[in-house]
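The values are calculated or read from the model by the stated rules, or taken from the named source; none is laboratory data. Just so you know, these numbers come straight off a predicted model, no measurement behind them. All Cβ positions, even for glycine, are placed from backbone atoms using ideal geometry, and neighbour counts span all protein chains on display.
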Amino acid sequence: MATHPHDSSAFTQGLEMYDGLLLESTGRRGVSDRRRVDPTTGNVTGLVALPADLFGEGLTVANGLLYQLTFTSGSVRVSDPDDLSLQDELTIERDGWGICFDGTHLITSDGTSDLVFRTPATLDPVRVVTARLNGDPIRNINELECVGGQVLANIWGLDQLVAIDASDGNVDAVIDGSGLRPADLPITDLNFALNGIARIPGTDRYYVTGKLWPVLYEVRFVSES
């Protein structure tokens, strides 16, 4: 539908639309941050760096708070989405990959086939759903976006997303994102993986990008016919 500039130095781990701006989490130890971005210009309007020993991962907003995962430390940074100031630090028992909010629970991924539903205030696990495609578990579930009764997810290392039924884990659709990859970014280098999805509120469109990608795409998902 449209293309917009994106910071090509941002190792994108999570995207979320909030109050007209794009909230973004970036990764890699020593350079991870959370930021507020004007999605149409790519201008960074606010940025808070993570401690150098933390590797930023997915993020989402739930009940007026911004939750940002970290990779292997178990630390979840809880901040104010308006100014990004740290409000709390919680912990989880698994690696952090992706996170989204379904209106009741936070849902997290950890690189396995599991989606873990959690109580927002404590991050205590409530239940686990195994994502399956044609009956087989799918691994490397990464960045998440909760939409209605589905979880849209990047699959790390593949230029595709999947739409997972949140109730039973069955994959309802596979979304081919290979046509979005900028031509000069090698498909075999996982440092340039497709990653990051955020629904544009009130529309049927999404922002999609990748790690170190110079472009943010505005897309609609349509069925093959």
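Among residues belonging to the stretch 5-25 that are of a type outside the set (Asp, Glu) and out of contact with any Leu (no Cβ under 9 Å at 6 or more places or on another chain), point out the one that is surrounded by the most Cβ atoms within 10 Å (Cβ to Cβ).
By that ranking, first place goes to Leu21.
Report the residue count in the stretch 166-225 for those that are of a type in the set (A, V, I, L, M) and in a loop (DSSP other than H, G, I, E, B).
Residues in the stretch 166-225 being of a type in the set (A, V, I, L, M) and in a loop (DSSP other than H, G, I, E, B): 8 in total.
Can you name every residue in the stretch 105-155 that is in a loop (DSSP other than H, G, I, E, B), surrounded by 13 or more Cβ atoms within 10 Å (Cβ to Cβ) and of a type in the set (Ser, Thr, Tyr)?
Thr112, Ser113
Collect the residues in the stretch 181-220 that are touching a Phe, Trp or Tyr at 6+ places or on another chain (Cβ under 7 Å), modelled with pLDDT under 95 and under 20 Å from Pro39 (Cβ atoms), keeping them in residue-number order.
Correct list: Pro182 only.
In a loop (DSSP other than H, G, I, E, B), charged (D, E, K, R), surrounded by fewer than 19 Cβ atoms within 10 Å (Cβ to Cβ) and without any contact (Cβ under 8 Å) to a residue 60 or more places away in the chain, is that true of Asp95? Break it down stepwise before answering.
Values: in a loop (DSSP other than H, G, I, E, B): yes; charged (D, E, K, R): yes; surrounded by fewer than 19 Cβ atoms within 10 Å (Cβ to Cβ): yes; without any contact (Cβ under 8 Å) to a residue 60 or more places away in the chain: yes.
When the stated conditions are applied, Asp95 passes them.
Given the conditions (1) surrounded by fewer than 21 Cβ atoms within 10 Å (Cβ to Cβ); (2) touching a residue at least 40 places away in the same chain (Cβ under 8 Å); (3) not in a loop (DSSP other than H, G, I, E, B), and given that Asp82 satisfies all but one, which numbered condition is not satisfied?
(3)
Anything in the stretch 167-199 that is under 16 Å from the mean Cα position of the chain (by Cα), buried (at least 16 other Cβ atoms within 10 Å of the Cβ) and of a type outside the set (D, E, K, R)? List them, or say none.
Passing the criteria: Ile175, Gly177, Phe192, Ala193, Leu194, Asn195, Gly196, Ile197, Ala198.
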